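For reference, the structure is listed below as structure tokens.
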Amino acid sequence: MYNLVVFASGNGSTLQSIIDNIKSHRLEARINLVVSDNENAYALERARENDIDTYVIKSEDKLLSVLEGYEINLIVLAGYLKMIGPKLIEKYTIINTHPSLLPNYGGKGMYGMNVHRTVVEAKEKFTGPTVHFVNSKYDEGKIISQTKVEILEDDTPEDVSDKVQAIEKIQLNQVLNKFVKGEIKNV
């Protein structure tokens, strides 16, 4: 079985899409642990409702110690906002999903509606999610997959967010399936 650990800071809708794909057998994997930097993240509740272990980060060293107790093929950042430390990057393969066509609109502070507002204000014609490997700099790891979404002239940041989120979950699960099948190799 392919073993995932998911990091999430907020609502956990992307986590839920992974859980749903596993339950429906569209993704042959298991989530062994959900990690958050936010003890109030609804993602933790989603995990508990699905009998998945949870952990709230206290320090990188403590997190590494906790992770050693789990089989891990891949760590997935799904709406996780904190910078990943160098020890984690060195030890594990980690991917992230980002709501813009990187390298545009990435970096510190560029997440969620901040990205969508900036994209609309810049009058971009296209945006879309990017799945990429995580390295030591925000949103600069090797790109795995991108999907373009058209931005209409009268689209609001909320409209763009809805479009990107719908595609983002599909794209991420497609990428996860490629990892499971060995079609994507760890960097």
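The values are calculated or read from the model by the stated rules, or taken from the named source; none is laboratory data. Note that the structure is a prediction, hence the values are computed from the model and not measured. With ideal geometry, Cβ positions are generated from the backbone for all residues, glycine too; neighbour counts draw on all protein chains shown.
Hey, among the residues in segment 81-92 that are hydrophobic (A, V, I, L, M, F, W, C) and touching a Leu at 6+ places or on another chain (Cβ under 8 Å), which one's surrounded by the fewest Cβ atoms within 10 Å (Cβ to Cβ)? If you could, list the steps in order and put the result at the bottom.
So the first thing to find is which residues in segment 81-92 are hydrophobic (A, V, I, L, M, F, W, C), and the list is 81, 83-84, 88-89.
So of that shortlist, the ones also touching a Leu at 6+ places or on another chain (Cβ under 8 Å) come out as 84, 88.
Numbers: Ile84: 20, Leu88: 16.
So the residue we want is Leu88.
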Failed item in (1) more than 18 Å from the chain's Cα centre (by Cα); (2) under 26 Å from Val164 (Cα atoms); (3) among the acidic types (Asp, Glu), with Asp61 passing the rest: (2)
Residues that are touching a residue at least 24 places away in the same chain (Cβ under 8 Å) and part of a helix (DSSP H, G or I), drawn from segment 108-126: Gly112, Met113, His116, Arg117, Val119, Val120
Residue identified as touching a residue at least 24 places away in the same chain (Cβ under 8 Å) and closer than 26 Å to Gln174 by Cβ among Pro86, Pro99: Pro99
Any hit, segment 120-142, residues being of a type in the set (A, V, I, L, M) and farther than 14 Å from Pro103 by Cα: yes
Filter result (part of a loop (DSSP other than H, G, I, E, B), at pLDDT 95 or above and of a type outside the set (Ser, Thr, Tyr)) within segment 58-83: Glu68, Gly69, Glu71, Ile72, Asn73, Ala78
Test: residue in segment 23-38 that is buried (at least 20 other Cβ atoms within 10 Å of the Cβ), assigned to a loop (DSSP other than H, G, I, E, B), at pLDDT 95 or above and small (Gly, Ala, Ser): no
Every pair of residues 6+ apart whose Cβ atoms lie under 6 Å, when the first sits in segment 1-30 and is among the basic types (Lys, Arg) while the second is modelled with pLDDT under 95: Arg30/Met1
Residue within segment 124-139 that is surrounded by fewer than 15 Cβ atoms within 10 Å (Cβ to Cβ) and more than 24 Å from Ile84 (Cβ to Cβ) present: yes
Conditions (1) free of Cβ contacts under 8 Å to residues at least 40 places away in the same chain; (2) under 14 Å from Ser100 (Cβ atoms); (3) not aliphatic (A, V, I, L, M); number of the one not met by Gln171: (1)
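Considering only segment 68-80, how many residues are at negative phi and buried (at least 19 other Cβ atoms within 10 Å of the Cβ)?
6
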Lone qualifier among Tyr105, Tyr55 - being aromatic (Phe, Trp, Tyr), touching a helix residue (DSSP H, G or I) at 6+ places or on another chain (Cβ under 6 Å) and not in a loop (DSSP other than H, G, I, E, B): Tyr55
Residues (under 23 Å from Gln174 (Cβ atoms) and out of contact with any helix residue (DSSP H, G or I) (no Cβ under 8 Å at 6 or more places or on another chain)) located in segment 26-51: Asn32
